[in-house]
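For reference, the structure is listed below as structure tokens.
The values are calculated or read from the model by the stated rules, or taken from the named source; none is laboratory data. Quantities reported herein were computed from a predicted structural model and do not represent experimental measurements. Note: ideal-geometry Cβ built from the backbone for every residue, glycine included; neighbour counts use all protein chains shown.
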Amino acid sequence: MDYFEIEGKNKLFGDIDISGAKNAVLPLMAAAILNDRALTITNVPKLSDSITMGNLIKGMGGEVNFDHSSIIIDPKKLNIPYAPYKLVKTMRASFYVLGPLVARFGEAKVSLPGGCAWGPRPVDFHLEGLKKLGIDISLEAGYVIAKSKKIVGNKIVFPKISVGATGNVLMAAVLAEGDTEIHNAAAEPEIQQLCLLLNQMGAKISGIGTNILKIQGVENLGGVDSIKVIPDRIEAGTFLIAVAATGGRVRLNNVEPKHMESVTSLLKQSNIDIEIEKDSILVTSTGSDMKACNMETNEYPGFPTDLQAQWMLLMSLSIGDSTIKENIYFDRFTHILELNRLGCDVRLHKDHAVIKGDRSLIGADVMSTDIRASAALIIAALCAEGLTSISRVYHIDRGYDRIEEKLVKVGAKITRKK
Ligand code: UD1
């Protein structure tokens, strides 16, 4: 199993090119199976999750070809509406195929994803939403069996905003008879891009980027030649926090600053110099005079939960104490123990974490627990005295496109070892 060896205490200088967004490419790939036309997706990040989604589509009979940073998906021969446990358990986003499969074939058998490292992550909103569209849902031996003679539009009110449930239900609703309204819909840029692709295919979705989506069902969807994945705001946010913490001056290229306002504004409050350009962000930090700021995660446009662990690390190095309230996943705190092993002092209270600032970190052996927690450990290791070894980096390979190459290019000392 690969691990990283990281020597800390180097400031970062230079340019980093941001890749396409993991959380955008996965639903776009799922949407590609809604009809029988080939779709080319460009600016695809090199991640094990994109490969897993490709394997899932191939297993169903579709053709998937990776070509540098593009994927060509030809779903013409796709005829097995089945997503097996062995793939879904490694990547929850595989569940995105449920809506498109039942919309195209009138039936689907998709494994339930199960829990994840930071606790249960149910799919009840997905299933209740699909049922509202007239789809018959039953559970059998760990699988969701979905059947429908006719999908019928309806009003769906999610109890809480869910990115995955919005995408899944939306992909079924576009082919429904009649109109659908999704209330408490996700407004995340990745869902906005999914809506734009579906509209280019002939769907009629309005309210994009708001929490109410209105969908006029259509009989068929046509083809679109290609779509370019939006920049990964979580990857960009991770590098902004890395430079803030280590100190240095780095320009992030190929970003969409508009998608990152919650992150850049909090970094500015924390004394980090941020210069926003058209599609790049220049970050400058001394690495020593960051100011502690309280933070709460929230749905877009709030501060993303996927940057919570990285922010916790930054606050551990800042002047003063601070708190983090996690409003999306109450249990998403498994990284605290590993960060504390490196010298952080974070304590978990009922619904928030209290972070002591001004910590000095010392390298140690630590273990990745999930994609974003691993990123926080890498940044911590870059700021720690001496050597840190991070095991289970397969977590990070799921969601970051060659992270060690990008960091080494700006001066980090990271070696991947077997
Ligand atoms: C997506 C992202 C993930 C991010 C998360 C929140 C992808 C591939 N993954 O995950 O990186 O951390 O959004 O921004 O895009 N919930 C239920 N029942 C459901 C569905 C969700 O209770 O059926 C709850 C969840 O437990 C959580 C909240 O709703 O508390 C939001 O989860 P959701 O937005 O669905 O996350 P994902 O789509 O799985």
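A few points about this structure:
- Evaluating residue 45 against the criteria (1) assigned to a loop (DSSP other than H, G, I, E, B); (2) away from the ligand (no atom under 15 Å from the Cβ) leaves one unmet condition, (2).
- Among (1) of a type in the set (S, T, N, Q); (2) away from the ligand (no atom under 16 Å from the Cβ); (3) within 15 Å of residue 242 (Cβ to Cβ); (4) under 23 Å from the mean Cα position of the chain (by Cα) - the single one residue 316 does not satisfy: (4)
- Set 275, 261, 256: member being surrounded by fewer than 24 Cβ atoms within 10 Å (Cβ to Cβ), more than 26 Å from residue 361 (Cβ to Cβ) and touching a residue at least 60 places away in the same chain (Cβ under 8 Å): 256
- Index of the failed condition, residue 274 passing every other in (1) in a strand (DSSP E or B); (2) within 30 Å of residue 152 (Cα to Cα): (2)
One line per residue, one yes/no per condition, for (1) out of contact with any Asp or Glu (no Cβ under 7 Å at 6 or more places or on another chain); (2) in contact (Cβ under 8 Å) with a residue 40 or more places away in the chain:
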{"residue": "341", "(1), (2)": "yes, no"}
{"residue": "350", "(1), (2)": "yes, no"}
{"residue": "359", "(1), (2)": "no, yes"}
{"residue": "382", "(1), (2)": "yes, yes"}
{"residue": "393", "(1), (2)": "no, yes"}
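- Number of positions in segment 152-188 that are more than 24 Å from residue 24 (Cβ to Cβ) and touching a helix residue (DSSP H, G or I) at 6+ places or on another chain (Cβ under 6 Å): 1
- Residue that is surrounded by the most Cβ atoms within 10 Å (Cβ to Cβ), among those in segment 221-253 that are basic (Lys, Arg) and more than 16 Å from the ligand (Cβ to nearest atom): 251
- Per-region count, segment 371-388, residues of a type in the set (Ser, Thr, Tyr) and over 25 Å from the mean Cα position of the chain (by Cα): 1
- Tally, over segment 286-303, of residues that are in contact (Cβ under 8 Å) with a residue 60 or more places away in the chain and within 12 Å of residue 357 (Cβ to Cβ): 1
- Residues that are in contact with a strand residue (DSSP E or B) (Cβ under 6 Å, 6 or more places away or on another chain), more than 14 Å from residue 247 (Cα to Cα), at pLDDT 95 or above and part of a helix (DSSP H, G or I) are absent from segment 278-299.
- Of the residues in segment 195-212, at least one is without any contact (Cβ under 8 Å) to a residue 60 or more places away in the chain, in contact with a helix residue (DSSP H, G or I) (Cβ under 6 Å, 6 or more places away or on another chain) and not small (Gly, Ala, Ser).
- Those residues of segment 319-343 which are within 14 Å of the ligand (Cβ to nearest atom), under 16 Å from residue 378 (Cα atoms) and surrounded by fewer than 23 Cβ atoms within 10 Å (Cβ to Cβ), in sequence order: 334
- Scanning segment 307-354 for residues that are more than 23 Å from residue 259 (Cα to Cα) and among the hydroxyl-bearing types (Ser, Thr, Tyr) returns 316, 318, 322, 323, 334.
- Set side by side, the residues 267, 221 differ, and just one is of a type outside the set (Phe, Trp, Tyr) and within 24 Å of residue 403 (Cα to Cα), which is 267.
- Per the listing 23, 65, 55, the residue uniquely buried (at least 21 other Cβ atoms within 10 Å of the Cβ), of a type in the set (S, T, N, Q) and at pLDDT 95 or above is 23.
- Among the residues of segment 327-343, the one identified as within 16 Å of residue 8 (Cα to Cα), of a type in the set (A, V, I, L, M, F, W, C) and in a loop (DSSP other than H, G, I, E, B) is 342.
- Taking segment 123-155 as the range and being outside any strand (DSSP E or B), away from the ligand (no atom under 16 Å from the Cβ) and closer than 14 Å to residue 100 by Cα as the test, the residues that pass are 148, 150, 151.
- Taken as a whole, the structure leaves residue 191 outside the set of residues that are within 11 Å of the ligand (Cβ to nearest atom), out of contact with any helix residue (DSSP H, G or I) (no Cβ under 7 Å at 6 or more places or on another chain), modelled with pLDDT of 95 or more and closer than 30 Å to residue 19 by Cβ.
- Among residues of segment 97-113, those that are in contact with a helix residue (DSSP H, G or I) (Cβ under 8 Å, 6 or more places away or on another chain) and either at pLDDT below 95 or not in a strand (DSSP E or B) (or both), counted: 10
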